Amino acid sequence: MRPRRVAIQPDKLWREDNPRHQSYSARWTELLTRDGHEVVPVDVFAPEAFERIRACEGFLWWFPPLPFPRDAAKRIILALAHATDVVLFPDWKEAWHYDDKIAQTYLLHAARIPMPETHVFWRYGDAVAFLRDARYPLVMKLAAGFFAQRVTLIRNRAEGEKWARWLFSSGLSNLHRPFRRLVLKEFVSLWRRHARTLDVSHGGEEQGYMLLQEFVPGNDFDTRVTVIGDRVFATRRYNRPNDFRASGSGLLDMDPAKIDRDALALGLHTARTLGAHSLSLDILRHHGQPVITEVSFGYEAAQVAIRPGHWRGDALTWSEGSVRAEDALLEDFLSRLPA
């Protein structure tokens, strides 16, 4: 392959002494430089950013699910996809619905991808009318958020109407205050250390809508499937004690023999249907079939690297050995650059 010119927006999310430290950009820069390619570091918030990116064949940017830089990044990616020929990761098909459960709901519905019955209400009266005759419990989600701190269970009509009044008036920023104090405080502290590229001060209340999803009983775990190209990685994530949520529990089982092949096949099919080069999916079982509750292009690189191997292609052939997400993403990205 001839030398390429690739723009990269730096990312660095965790402190150096934290085992969860990751930087996609550092690994991409290391690999590209080693192989003789030119890396052009950019600051997407600087006036000259677009000209620097336009002078390159490709642009790489991993960004976290925080209001900033997430909201800015989605707009920038869409602008570049609309007006340039630069090859992007993520591209617009992966970025536009990132950390937006409402957008994901509409996308999965439109693509006829199996998911639990999910409703988005934009009018208070419609939400209350639905809650009046709904079958409980229901899962309520805020559109943005991670580690399940913005997901809760509604057990009856009174609870549902209470949440509806909040959402259609002053709004909500979080559904689990103790979790917010104990966990998000640490994340905010870490991210503030990297204020040059991240700024957690950009936030706000979620309001003016209500997102409700059918509760799927009988699931002590979900299956986290990650698709990179034709590679499929998967892990069981067990629920927290006395909780219905698996996201962020840290209770992982990476035994490949326990992974349902139809969940793997659904993950690969969904990524291809949505045109995603990278996609992480949370999968439950409903009436014996796999269903998807959330999708995202972004995920912790370590959650891929710690897996003992992966499945590949339509035949889902097992391939033994650890793979770094950054490496697989870069390999596929380079293959998409013009000859």
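Each reported figure results from applying straightforward, stated rules to the coordinates on display, with no laboratory input. In this text the structure is predicted, and so the values were computed from the model without any measurement. Note: ideal-geometry Cβ built from the backbone for every residue, glycine included; neighbour counts use all protein chains shown.
Here are a few things to note about the model shown:
- Value of D in µm² per second that Stokes-Einstein yields for region 221-331, Kirkwood Rh from Cα pairs, at 10 °C (1.306 mPa s): 114 µm²/s
- Subset of LYS141/LYS162; LYS12/LYS258; LYS74/LYS141; LYS141/LYS258; LYS101/LYS162; LYS12/LYS74 violating a 25 Å alpha-carbon distance limit: LYS12/LYS258; LYS141/LYS258
- Kirkwood analysis of region 5-96, using all unique Cα-Cα pairs, places the hydrodynamic radius at 13.7 Å.
- Region 270-338 and region 40-91: distance between their alpha carbon centers, rounded to Å: 23 Å
- Relative protection proxy for 110-119, 215-224, 323-332, from highest mean packing down: 323-332, 215-224, 110-119 (other beta-carbon atoms within 10 angstrom).
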